[in-house]
Amino acid sequence: MRCPRYGPFLPTVLALCGCMLLLNTWRSVRPETEAVDLQIVYERLVRAEQRGEALTYKLLQVLENLQNVSFSSNLTSNGSVAKLPQGIFPVQPNAYLYLPHLRKHPNSLKPIIHLGQGRAGVSLVFAIPTVRREKQSYLVNTVSSLLFDLTPEQKLDIVIIIFVAETDDAFVSSVSESIKKNFPEDVSSGLVEVISPSPYYYPNFTNLKETFGDSKERVKWRTKQNLDYSFLMLYAQQKGIYYVQLEDDIVAKSGYHETINKYVQEVVTERWLYLEFSQLGFIGKLFRAADLPKIVEFILMFHKDKPIDWLLDHILWVKVCNPEKDSKHCSLEKAKMKRTFKPSMFQHVGVHSSLPGKIQNLKDKDFGKQVLFKAHPNPDAVVISSLKDYQGHSVEKAYLGQDFFWGLTPIKGDYILITFTKPQIIKGYLFRTGSIETNGDKFYNTTVEVLPSDTSVSGRVQRGELPCCRPSSEGFVVIGSFVNGIAEGEIDSALLEIAALRLVVHSDSDVWVILSEVFIKV
């Protein structure tokens, strides 16, 4: 199937292309006999529709690139190349109707992209608005928590968008640099993006009416928050199939990605407006990206009147509540449109609100206890360490998959030594330090070393005959090191059986260390 060339009727063309795609899909799955289960056919059509949405996003990206090329080919009067601001919203609700000041600056709905590779076509888009806080920023810990135990495959199927909802260039740049410094690989791969709004996006907040007993400062705060969410949703709608709203002061539950994906597949064919993976405010709400434009339109329509969580509840009321029936019936109908998953996948950890002077000790009671370690069946061994453990969180328990190891500040020369009960052919290893709740307690400048059972192998390494590794001391050879708190790799079969493995610290650290995962692959 080919779509016609785009023109002034692009939205109609895209809609027709989507319909043609669904029609072709229907023909391919049309039952040959009346005995075919119609439910199976329906599920296939729903998934085909989602694939059609992803295709639409890609077509819109192609259009944007073509528009940018066309625009940049026009020279200004002084001969320099005019530059179109990065980013485009493919579907814009009546923003100029609700934000009339935008008419003076037509490009004010386009985001400024500070970090990003244009990733799109993913399953999950995680959106994090962040603002300047008077007391403490939680942003780095929040992003670290989301990335902590993702597999390489999972990292390819998501994008994390950080929206710096400020127009102060210095502050926006400082946030961007912090993210780039702390997550260089994830930024370069396109997994993490940082955007900010045009300096003309926000209206004048001085004439807002005080409602519901809120102070003028609080009314301004909640109004701006509504505009922040709207901007993020408009930008993110072209990125993936599902959109997950987060905040900049949360931690994720270990395994959240797999849990969310599994639950979405269970209810994909059912009718709902959003799935709830946290019961606090707007945290952890998952929407179909295709629904975002109409949700944004509703938010913009009433952005001055009520906070975001109230507006979301009003959308449900408008969609399903019958004014002729009682509130109990309404609550039951709304519950069908918002599916709450338990346990919660995200927990609020911030104490200092983005509203100056506000303290909020909100906790999601359904989050449960966080599991801070991951167990694996490792070969029998004796495990010792020069590091002193804290409160009984020993390295032996970490190796056995019973607990995490929590050690006091490592210094140069500290080690963890794993001596196998009998020599092993080891295929690979994984050591993960740090915690899904904290960004700091990791191994830095630390190597992974093995002791070949056959002493002649160490000799070959000494002579440079094995490119896999380099010599260390006491017969050990270096096979890897920690990068961003993780050491992972395969072990060259030329090393034959391994008698022991050790982690060696090569410089003093400023922080303690948590060893949350040990996996010796045999």
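The values are calculated or read from the model by the stated rules, or taken from the named source; none is laboratory data. Treat the numbers as computed from the prediction; the structure is a model and nothing was measured. So basically every Cβ, Gly included, is an ideal-geometry build from the backbone, and we count neighbours across all protein chains shown. Note: areas computed on protein heavy atoms with side chains; ligands, DNA, RNA excluded. Shrake-Rupley method; radii C 1.70, N 1.55, O 1.52, S 1.80 Å.
Name the residues whose placed amide hydrogens come within less than 5 Å of the amide hydrogen of residue 491, ignoring near sequence neighbours (fewer than 5 apart) on the same chain.
The answer is 428.
Which of the lysines could be linked to residue 521 by a straight reach, that is with a Cα gap under 23 Å, when you skip same-chain ones fewer than 8 residues away?
The reachable lysines, counting only those whose Cα sits under 23 Å from residue 521, are 155, 374, 397, 422, 427, 442.
Quick one: how many Å² of residue 507 are accessible to a 1.4 Å probe, rounded to 10?
40 Å²
Counting DSSP beta bridges in the stretch 114-246, what percent are antiparallel, to the nearest 5? List each step's numbers first, then the result.
Details: 1 of 17 bridges.
Of those bridges, close to 5 percent are antiparallel.
Report the calculated FRET efficiency for residue 263 and residue 218 (r = Cβ-Cβ distance, R0 = 41 Å), to the nearest 0.05.
On the way: r = 35 Å, r/R0 = 0.85.
Taking R0 as 41 Å, the efficiency between residue 263 and residue 218 is 0.75.
In the stretch 442-490, which trypsin sites (Lys or Arg not before Pro) fall in coil by DSSP and have 12 or fewer other Cβ atoms within 10 Å?
On the way: sites: 442, 460, 463; in loops: 442, 463.
Loop-located and lightly packed - 463.
Tally Lys and Arg at +1 and Asp and Glu at -1 over the other residues with C-beta under 14 Å from the C-beta of residue 296: what net charge comes out? Mind dumping the intermediate values first?
Values: positive: 285, 288, 294; negative: 228, 291, 297.
Spelling it out: positives minus negatives among the neighbours equals 0.
Taking a 1.4 Å probe, which of 506, 348, 393 shows the most accessible area, and what order do the others take after it? Before the final figure, lay out each step's value.
On the way: 506 75, 348 10, 393 35 Å².
Highest to lowest solvent-accessible surface, that is 506, 393, 348.
In nm, give the distance between the simple-model label positions of residue 153 and residue 521, each being 7 Å from the Cα along the Cα-to-Cβ direction.
Inter-label distance under the simple model: 1.3 nm.
Suppose R0 equals 51 Å. What FRET efficiency, 1/(1 + (r/R0)^6) with r the Cβ-Cβ distance, do residue 319 and residue 388 give to the nearest 0.05?
Numbers: r = 59 Å, r/R0 = 1.15.
Efficiency, from the Cβ-Cβ distance: 0.30.
Roughly how much of residue 179 is accessible, in Å² to the nearest 10, using a 1.4 Å probe?
0 Å²
Using Cα positions and a limit of under 12 Å, work out the aspartates and glutamates in reach of residue 342, with same-chain residues fewer than 8 apart set aside.
276, 364, 366
In the structure displayed, which of 306/336; 319/363; 181/253; 262/285 lie more than 18 Å apart, Cα to Cα? Mind showing how you got there, number by number?
Values: 306/336 23 Å; 319/363 30 Å; 181/253 24 Å; 262/285 16 Å.
In this structure, 306/336; 319/363; 181/253 lie more than 18 Å apart at Cα.
What figure, in Å² to the nearest 10, do you get for the accessible area of residue 188 with a 1.4 Å probe and non-protein molecules left out?
In the full protein context, residue 188 sits at about 80 Å².
Could you please report the charge total around residue 142, scoring K, R as +1 and D, E as -1 over all other residues with beta-carbon less than 11 angstrom from its beta-carbon?
Numbers: positive: none; negative: 247, 248, 249, 437.
After counting each charged neighbour, the total is -4.
Give, as a single signed number, the net charge of other residues whose beta carbon lies under 13 Å from the beta carbon of residue 466, with Lys and Arg counted +1 and Asp and Glu -1. Intermediate values should be presented prior to the final figure.
Numbers: positive: 460, 463, 470; negative: 454, 465, 492.
Cβ neighbours under 13 Å give a net charge of 0.
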